[in-house]
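All remarks here apply to the structure that follows.
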Amino acid sequence: MTPLSRRSFFQGAALAASATRVIGANDRIGVGIVGLGGRGQSHVGRYAGIGECQVTGLCDVNQAARERSQARLTQAGGPKAKEFVDMREMYADKVVDAVSIAAPNHWHSLGTIWACQAGKDVYVEKPASHNVYEGWRMVEEARKQKRMVQVGSQGRSAPARVKAAQLLREGVIGKVYLAKGLCFKRRPSIGKTPVEPVPVGLDWDKFLGPAPMRPYTRNRFRYNWHWFWDTGNGDIGNQGVHEMDVCRWGLGDVGMPKWVFSSGGKYIYDDDQETPNTQMATLDYGDAQIMFEVRGLLTGPEGGAPVRAGNVVGNLFLGSEGWMWVTGGAFQVYKGEKNEQVMDERGGGGGEESDGTVLHMKNFLAACRSRNHRDLTADVEIGVMSAALCHLANVSYRVGRKLAWDGARKRFVNDAEADKLLTRDYRRPYVV
């Protein structure tokens with residue numbers, strides 16, 4: 001495959017944007033999927049089951065992943081999709097109207113920006129960005145190109161969580177003074193894996209993309225890329241960004257805090273992981289706080305939350321009149337000095353409807369037709385802000401101190417070391 005230069009790509013992107021197909025009410029939207037690992041396989045299966053669209057493009061740097069996805073489409077009774085190694089080539093193809101990005105975190109922003117410039121609408125998995133700066137660039141490009149960009153914070157489409165957020169806004173527990181996100185997700189040690197030759201069929205350069213060139217190891221590739229700062233954001237930016245989004249939502253979609261402090265560490269294990277497996281973060285807004293806790297080691301419950309397969313994942317909201325616990329497709333409300341349960345909402349057993357993924361994808365496809373980004377339940381601005389709170393916590397953790405935020409200047413107060421971590425040194429030609 002002939003590689004695209006940056007100049008030739010953007011020339012082609014301009015042509016593609018000018019020739020973007022107007023989607024009619026009865027047309028099936030051609031969806032190209034970027035990143036065909038675990039979450040990408042889920043995208044393939046779910047889009048294949050939605051009648052409003054057809055999977056027309058499959059893009060991954062790993063040949064084996066493309067083959068698995070083609071087999072999944074065939075099993076679902078659909079036609080084969082065109083295959084691509086380079087997402088820019090897929091973006092330039094007219095068989096694709098919209099793209100769904102499930103690549104690793106460090107590709108989310110650049111993949112979205114390139115797609116917008118090529119005239120494609122975008123569904124991008126959480127976290128919206130790998131750092132704060134590139135999230136802002138995503139919003140700029142989405143608005144400039146008039147593209148629909150939905151972030152995969154599917155909790156925004158889950159019926160029970162939608163109801164819980166509405167009740168909080170209506171004052172079900174009075175004034176909320178604390179939103180706490182819990183990411184107690186059991187993570188065994190990843191061990192240590194040696195440098196070895198790049199597997200046949202894998203384009204390692206394109207996998208790393210904006211990240212520094214590193215020798216190939218298995219831990220830097222399959223899933224465990226989450227635990228390296230080059231490519232991931234730890235569990236606060238993996239599972240945790242869902243709960244951070246719910247924290248922010250429950251407080252009325254608050255923005256950047258006045259200050260942030262995060263501490264913790266990687267305890268017990270001696271392995272390749274760089275990000276913390278234990279982390280506490282506090283983000284202060286003056287009249288309310290967000291607290292966030294990551295526990296990857298053995299743990300017990302908190303606040304009466306159930307432990308499922310060693311995990312406690314959800315949100316606690318504390319108010320002047322009571323408290324609420326939100327998790328999956330359910331929530332409970334407790335009121336008064338006697339801690340009386342007054343509401344127990346259960347929206348199903350954790351399937352597609354209760355986690356909101358299919359509803360979220362359908363909402364995205366509907367906005368591709370309406371051409372109104374306000375129809376999106378998790379528009380890029382929402383996803384970028386929720387990811388930014390996770391990034392601020394990680395910056396505080398990495399520099400080891402409390403940080404004050406200057407909203408007018410969009411940087412930390414008098415802290416050049418922390419400011420540097422708002423972005424990254426991009427590896428050419430993969431530059432945001």
Please report, in cubic angstrom per residue, the volume enclosed by the convex hull of the alpha-carbon atoms of the chain.
145
Per-residue ellipticity at 222 nm for the chain, helices alone: DSSP H runs ≥ 4 residues times -39500 (n - 2.57), over residue total, nearest 500 deg cm²/dmol?
-9500 deg cm²/dmol
Output ordering of 189-200, 171-182 (per-residue mean of other Cβ within 10 Å, highest first) is 171-182, 189-200
Pulled fully out, how much extra length does the chain show between Glu340 and Arg169, if you take 0.36 nm times their separation in residues and subtract their Cα-Cα distance?
59.5 nm
Dividing the mean separation of Cα pairs under 8 Å (6+ apart) by the residue count of the range 389-432 yields a relative contact order in percent of 28
Could you grab the relative contact order for the range 92-208? Cα pairs under 8 Å, six or more apart, rounded to a whole percent.
18
Among residues other than Gly174 whose Cβ falls under 10 Å from its Cβ, what is the net charge (Lys/Arg +1, Asp/Glu -1)?
+1
Report the residue, chosen from Asn238, Asn339, Asn277, that carries the largest GNM mean-square fluctuation when the chain is represented by alpha-carbon nodes joined by springs under 10 Å.
Asn339
Mean separation of Cα pairs under 8 Å and 6+ residues apart, divided by the residue count of the chain: what relative contact order is that in percent?
20
Simple spin-label estimate for Lys144 and Thr423 in nanometres, 7 Å along Cα-Cβ:
1.4
Seen from all sides and averaged, what is the projected area of the convex hull of the Cα atoms in the range 150-294, in nm²?
11.0
Quick one: if the Förster radius is 60 Å, what FRET efficiency do Ser320 and Met213 give, using the C-beta to C-beta distance and rounding to 0.05?
0.65
Proportion of all alpha-carbon pairs of the range 310-432 beyond 20 Å (%)
68
Please report the spacing between the Cα centers of the range 152-206 and the range 352-427 in Å, no decimals.
13
Taking the chain as a Gaussian network, Cα atoms linked when under 10 Å apart, which of Leu167, Leu297, Leu318 shows the biggest mean-square fluctuation?
Leu167
Do the alpha carbons of any pairs in Lys144/Lys362; Lys126/Lys402; Lys120/Lys144; Lys94/Lys120; Lys185/Lys420; Lys175/Lys335 sit beyond 18 Å of each other, and which pairs?
Lys144/Lys362; Lys126/Lys402; Lys185/Lys420
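Computed from the coordinates by the stated procedures, all read-outs in this text should not be read as laboratory data. As the structure is a computational prediction, the values presented were derived from the model and not from experiment. All Cβ positions, even for glycine, are placed from backbone atoms using ideal geometry, and neighbour counts span all protein chains on display.
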